[in-house]
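Please treat every number below as a calculation from the coordinates, not as lab data. None of the values given here were measured: they were computed from a predicted structure. Neighbour counts are summed over all protein chains in view; Cβ atoms, including those assigned to glycine, are modelled from backbone coordinates with ideal geometry.
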Amino acid sequence: MQNPISFHEHILEEKTLSPEVRTDIERILDDLLIAVKSIHNKLSRAGLIDIQGEAGSENASGDAVKKLDRIAHEAVVSTLHAGGCVGFMASEEEKEIIGGSSDGKYVVVFDPLDGSSNIDANVSVGTIFSIYKRKNEAENANEQVLRRGSEQIVAGYVIYGSSTMLVYTVGAGTHGFTLDPSLGEFYLSHPHIQTPVDGTVYSINEVYEPHFSGAMKAFLSEIKEHGRYTGRYIGSLVADVHRNLLYGGIYIYPDKPKAKLRLLYEGFPMGWIVEQAGGAASNGTQKILDMIPAELHQRTQLVIGSKNDVARYEELVKQEELGTINA
Ligand code: P6P
């Protein structure tokens, strides 16, 4: 690629952000990407250094913590603390909200390493994050962090796959950057990502089929009878959503038997990124970005991807509520 645009150059052109906010966001993302590069470096050598396997503890959601979960969490927290721009943080790996700089003007929430149960098998995993402006009037940590999804000012994920990519939005489209490991810099490789309005991939763990609602069963029957779709399920949210974002498709994590994905630091950032690429994200009945978490690690059903596929699922949910499909 001739003279690729670096992430730093790209964000300087983001007119959606005021010059002051843009400078701050560039600083926060610089700090975050330092952590990301250190995570990338460790993941690429995971089999050679003693960082695979479980850390022997559970996170706030009761998930077994992998050693790399903790390493990734500590890398993000330490770089954001050092930067001094962040007043409050929340991580999947920490039960409570983490205090930052007293004069930090931003809130950052993140899943430091999503899909980590796949790490030992060398499957793609990801770091997911959202940034909010600190509310001046509210000092209570919960009021600062438990915000409506539409209040995000930046959302992004990094996928550690065959290449390491950053995909992000500030509300002016969704853009992808690929890490050049030889230079340690992310370069624009996927400007203005537009996800197809009709998908060709469906991603759901069908082991839960006995618990699926009538609407879910009807939706999956339509998908399978249509002939346009194929089934792909990696079991790593960032990898499944990233593939569907580029190819067109729908990812569903159902609320029966039990919702698993966290609203604040998985549903909101992934939802905004996909919406900014022309897709949709809902909990089956309302837009994900219209929701407000009642508690830090609140779980949600997540239906995300191609606009028309999400709309069809929501239509079937309404029909089931009206009793017009077999439950
Ligand atoms: P299941 C990984 O643990 C994760 O949070 C997501 O990355 C992934 O999509 C989902 O859980 C997989 O869950 O129940 O299908 O194994």
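Figure the gain on full extension for residue 6 and residue 95 (residue separation times 0.36 nm, minus the Cα-Cα span) and round it to one decimal in nm.
Value of the extension gain: 28.5 nm.
Taking 181, 196, 269 as the candidate residues, the one with maximal mean-square fluctuation in a Gaussian network model of the chain, Cα springs under 10 Å, is 181. Derived from the Cα gyration tensor, the three semi-axes of the equivalent ellipsoid of the stretch 7-190 are 26, 21, 13 Å, largest first.
The angle between the Cα long axis of helix 19-43 and the longest principal axis of the Cα atoms of the chain comes to about 80 degrees, rounded to the nearest 10. Ranked for footprinting exposure by Cβ neighbours inside 10 Å, fewest first, 66, 256 give 256, 66.
Shape analysis of the chain based on the Cα gyration tensor places the equivalent ellipsoid semi-axes at 30, 22, 21 Å, largest first. Kirkwood radius for the stretch 220-275, taken over all pairs of different Cα atoms as the inverse mean of 1/r, rounds to 12.6 Å.
The label-point distance for residue 206 and residue 45, in a model that sets each label 7 Å from Cα toward Cβ, rounds to 4.2 nm. Across the stretch 201-321, the volume of the C-alpha convex hull divided among the residues equals 98 Å³ per residue. Taking the Cα centre of each part, how many Å lie between the stretch 81-137 and the stretch 259-327? The stretch 81-137 and the stretch 259-327 have Cα centres separated by 22 Å. Note on the stretch 201-321: Lys pairs 8 or more places apart or on different chains, Cα atoms under 16 Å apart, count 4. Rounded to the nearest 0.05, the FRET efficiency derived from the C-beta distance between residue 197 and residue 102 at R0 = 51 Å is 0.65.
Under 11 Å from a point 7 Å along the Cα-to-Cβ line of residue 63: which residues of the stretch 75-109 have their amide N that close? It comes to 92-94, nothing else.
Would you compute, from DSSP H runs of 4+ residues alone, the mean residue ellipticity of the chain at 222 nm, taking -39500 (n - 2.57) per run and dividing by the full residue count, rounded to the nearest 500? Value at 222 nm, helices only: -9500 deg cm²/dmol. What is the stretch 201-321's relative contact order, in percent, from Cα pairs under 8 angstrom and six or more apart in sequence? Worked out over the stretch 201-321, it gives 30 percent.
For residue 23 and residue 82, what does the FRET efficiency come to when R0 = 22 Å and r is the distance between their Cβ atoms, rounded to the nearest 0.05? Before the final figure, lay out the partial values.
Details: r = 17 Å, r/R0 = 0.77.
The formula returns an efficiency of 0.80 here.
Please give every one of the lysines within straight-line cross-link reach of residue 105, meaning a C-alpha to C-alpha distance under 17 Å, and leave out same-chain neighbours fewer than 8 residues apart. In chain and number order, the partners are 133, 135.
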